[in-house]
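Here is the structure we will look at, set down as structure tokens.
Every read-out reported here was derived from the displayed coordinates using simple, explicitly stated rules and does not represent laboratory data. Note that the coordinates shown come from a computational prediction; the quantities given were computed from them, not determined experimentally. A quick note on method: Cβ atoms are made from the backbone with ideal geometry, for glycine too, and the neighbour counts reach across all protein chains shown.
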Amino acid sequence: MKKYNFYLLIIILLSVFLGYTLGSNQNVLFNKYIFSNNNLSKFNILIDYLSKNYVDEINTDSIVGEVIENIIGNLDPHSTYISKKELQLVSERMEGNFVGIGISFLMIRDTVAVVNVLDGGPSKKAGILPGDRILTANNDTLYNKNLKNEEIIANLKGKSKSSVNIRVFRKLKSEFIDFKLIRGEVPIKSVIHYKIKENIGYVKINRFAKTTFDELKKVLISYKKSNEVDKLILDLRDNPGGYLFAAEKILDEFLDEKKIIVITESNSGKKDSVFASKMGVFEKEKVYVLVNGQSASASEVVAGAIQDNDRGLVIGRRTFGKGLVQQQLPLGGGDAIRLTIARYYTPSGRSIQRSYSNGNEVYYQEIKDRYKSGEMISENEIPIIDSLAFKTIGGRLVYGGGGIVPDIYIPSEEKSPEDDWNYFLIRSSIINNFVFSFLDMYREKFNYANTKDFIEKPLDEKNLILEKFKKFCNENKIPIDLKEEIIILNSIKAYIGLQLYNEEVFTQVLNKEDYFMKKTLEIIQN
């Protein structure tokens, strides 16, 4: 692919961005400079030349996108360019809902196969079931056409309250069924919860979305009303973050009035502290926060505030180390940028942001390098910067510059991420795909009175499941170690629970053999 010199383009666009982020007086001067030198006119003329006169066909929109992406990507690891195509998906996850029919699917032999029917969506209400094959949508055939996932989604999604007529084949009964669905908002849950024991509640936050606080508040109120839960496990593992305001509101429910939640510093150097306000729902109960190397951003705000205020125990492994705040800004044409606009500090005043001076590749590689350094199997190998020592309210030493170091460390038994097969296995699509194909053949064998019955009973047909799973892995050239039989069977059961029921059942089953959970329950009991 030919490379072109677009330095002029870069300078112009960089000037625009710098002008945008400067103060109002400076912005006026920048605009005056830009227009007086006709840089924007040059930019438009260049694009016009490329589109009309260049010898080969060229996508000028793509060029502009690449230039913007290059500029933003060189600012810091967390400022990003988001294309129009990506923006809708990102926005849906952060809004906490999407408009559609409410299913997830796989393409099985070039046919749309329903894997999950989402709670609260039109498909659930209409009676569509996992395993159904969607053959047509508004008389458009969806099978045997080599359609991409995006094309399938475009057929099934649409405006709110619009209708779509679909025909499904229900393999379980060998019958064709027609449905008329009215598209509507489908909630995307960010909070999963259940009681582990009468006095221990469990809450997992997958991301900090617009709806996360409201979801969590309902859970905390229900625990409070039952007057039984006095210990809460707050699971933030693998939570990449999200809206800072959601983390702030959640912390307000755990911290006493006037306790510092977070400190932010703007690009002008001004620092502002956010304080806990009136009486929160869960200020007196014990809190145990679970974190790992993929707990980032807003997750670290929560963990840092709980730790610095000596409000509870942070358990697990060192967090990602992201102390930068982004704001999403529109670029026009449906594109956007997520621009770093501030730094945040934990209540003790520490920044947990890792250095990114050696570039983005080294920055992200550092997470894997924690295995090589020995940190994953020994707390003593965690790098500590003595000059960045701070104290919690109770006088305990904590350190900045490299994520949140947990109060109680849970080491890995593995020496590298490649060796950590169990962790990879239960979080990959391998088992999810296998479970669908297995249920497709043996769905009638999995009839349970209710979800509690499914969770508590051991899986039937254990030998059949392992035999089929081994065959599935061999056919797909996936290395498998059946010495970890308990982990594998539990993971398979979890995905069966996900496809038959919902994500809460999936999480409950998965946690039964979860190393972090077992250690946390030991800590609570002792």
- Express in nm, to one decimal, how much length is gained between residue 268 and residue 174 on full extension, taking 0.36 nm for each residue of separation and deducting their alpha carbon distance. 27.2 nm
- Note on the structure: Ranked on Cβ counts within 10 Å of their own Cβ, fewest leading, 79, 429 go 429, 79
- Task: Using a/c under 1.5 as the rounded threshold, could you call the chain rounded, prolate or oblate? The axes a ≥ b ≥ c are square roots of the C-alpha gyration tensor eigenvalues, and prolate needs a/b larger than b/c, oblate otherwise.
- Result: oblate
- Query: Averaged over all directions, how much area does the convex hull of the C-alpha atoms of segment 97-187 cover when projected, in nm²?
  - Reply: 5.2
- Using a basic spin-label model with each label point 7 Å from the Cα along Cα→Cβ, how many nm lie between residue 92 and residue 154? 1.4
- May I ask you to order 330-342, 209-221 by the average number of other C-beta atoms within 10 Å around their residues, highest value first? 209-221, 330-342
- Note on the structure: Assertion target for 107, 94, 441, ordered by fewest C-beta neighbours within 10 angstrom first, is 441, 107, 94
- segment 191-409, Cα convex hull volume normalised per residue, Å³: 140
- Query: If you find the alpha carbon centre of segment 278-316 and of segment 189-261, how far apart are they in angstrom?
  - Reply: 10
- Message: Order these by the 10 Å Cβ neighbour count, fewest first: 407, 140.
- Response: 140, 407
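Take the alpha carbon gyration tensor of segment 421-525, find the square roots of its eigenvalues, order them as a ≥ b ≥ c, and report rounded if a/c is under 1.5; if not, report prolate when a/b exceeds b/c, else oblate.
It comes out oblate by the Cα gyration axes.
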- Would you calculate a helix-derived [θ] at 222 nm for the chain, using -39,500 (n - 2.57) for each DSSP H run of n ≥ 4 and dividing by the full residue count, to the nearest 500? -12000 deg cm²/dmol
